[in-house]
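First comes the structure, then the notes that go with it.
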Amino acid sequence: MSLRRALLAVPALALAASACAPVDDEPTATVTDPASESSEGLPSEEFVDPCSPEGAPLVTSGTLTIGTDSPAYEPWFVDDDPTNGEGFESAVAYAVAEQLGFSADQVTWVTVPFNTSYKPGEKAFDFDINQISITPARAEVVDFSEGYYSAAQAVVALEGTAGAEATSLADLQGLRLGAQTGTTSLTAIRDVIQPEADPLVFEDTNIAKQALKNDQVDAILADLPTAFYISAVEIGGSTIVGQFQVEGDAAEEFGMLFEKGSALVPCVDDALTALEADGTLADIEQQWLSDVVDVPTLR
């Protein structure tokens with residue numbers, strides 16, 4: 001639903017007839033259409049919805065500018081092309097845009113490296129969507145929408161290796177683990193698994209995957225949908241060892257990221273609420289992220 005505020009118009013007072021009018025004439029009055037004047041008697045401006053393409057606070061007037069990283073991985077995006085509306089996050093972004101009143105040709109995408117998206121300062125996008133977890137530290141310098149996806153962490157290892165034999169979080173503690181820098185997967189290794197050796201930190205997921213293939217690590221961590229794509233498509237002979245949820249305040253939820261103080265946040269929150277209520281978000285998740293069954297839970 002959009003954020004709308006009613007404008008009130010106060011009727012103008014009738015103007016008395018001139019004192020010098022003949023006594024046998026009826027006094028005349030000038031009647032003003034109340035809709036044509038403001039509460040101060042001045043012509044009122046037409047109301048513009050502050051969440052619409054015409055009224056929203058945008059980087060580029062009339063255009064919704066969305067940021068994400070490159071490459072844009074499946075299943076969040078398809079064919080490394082955020083503009084095609086395919087993949088979970090691309091589909092969610094376009095659904096939010098439509099809910100706000102933007103057509104597909106009023107949406108443009110810009111490349112934003114993951115670990116710079118949540119740095120403080122002015123942004124070149126209206127919001128960024130890139131599996132960015134909502135954390136208190138990040139929320140000090142940027143704003144987030146309500147969460148649009150709750151993600152479990154998953155462990156990926158090569159079949160027949162020590163990593164693939166793990167059946168509990170304790171089994172992972174003696175292994176060489178790695179994850180992309182700036183991610184909650186890396187935080188989960190340090191805070192939840194607490195391995196004996198410091199985890200290897202990689203600039204992006206592609207480097208982490210190559211390290212796994214090169215036997216530089218025994219296992220890598222990623223959110224569960226990404227792990228499914230890695231094991232099913234990208235690394236032959238790999239397997240998802242298991243999944244686990246980060247509990248309590250550290251539970252992982254993805255949110256759209258905004259410049260601190262952005263007036264667009266409540267607009268997007270309302271759009272997400274509407275999409276959840278009418279089942280659109282559930283349908284998109286079912287279409288793009290449905291392969292999450294039959295993965296053992298690591299405890």
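The values are calculated or read from the model by the stated rules, or taken from the named source; none is laboratory data. Everything numeric here is computed off the predicted structure, so don't read it as measured data. Side chains are part of the model used for accessible areas, which takes the heavy atoms of the whole protein and leaves out ligands, DNA and RNA. Shrake-Rupley method; radii C 1.70, N 1.55, O 1.52, S 1.80 Å.
Summary table
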read-out: Largest to smallest accessible area among 176, 190 [probe 1.4 Å]; value: 190, 176
read-out: Share of carbon and sulfur in the accessible heavy-atom surface of segment 102-229 [1.4 Å probe, %]; value: 47 percent
read-out: Karplus 3J(HN,Hα) series, Hz, for segment 51-68 with 6.51 cos²θ - 1.76 cosθ + 1.60 (x for Gly, Pro); value: 10, 8, x, 7, x, 6, x, 10, 4, 10, 4, x, 10, 8, 9, 10, x, 7
read-out: Whole-number accessible area per residue in Å² for segment 219-299, which is evaluated in the context of all protein chains at 1.4 Å; value: 46 Å²
read-out: Per residue accessible area in Å² of segment 152-199, where ligands, DNA and RNA are left out and the probe is 1.4 Å; value: 43 Å²
read-out: Nearest-10 value in Å² for the accessible area of residue 189, using the 1.4 Å probe; value: 0 Å²
read-out: Exposure rank, largest accessible area first [158, 64; 1.4 Å]; value: 158, 64
read-out: Over segment 163-264, relative contact order from alpha-carbon pairs under 8 Å, at least 6 apart, %; value: 27 percent
read-out: Accessible surface ranking that places the most exposed of 109, 288 first, with a 1.4 angstrom probe; value: 288, 109
read-out: Computed log₁₀ I(q)/I(0) - Debye formula, equal Cα scatterers, no solvent, segment 43-194, q 0.11, 0.17 Å⁻¹; value: -0.55, -1.06
read-out: Segment 173-276: C-alpha gyration tensor shape, a/c 1.5 cut-off, then a/b vs b/c; value: prolate
read-out: ³J(HN,Hα), Karplus 6.51/-1.76/1.60, whole Hz, each residue of segment 110-117, x for Gly, Pro; value: 10, 7, 9, x, 3, 7, 10, 4
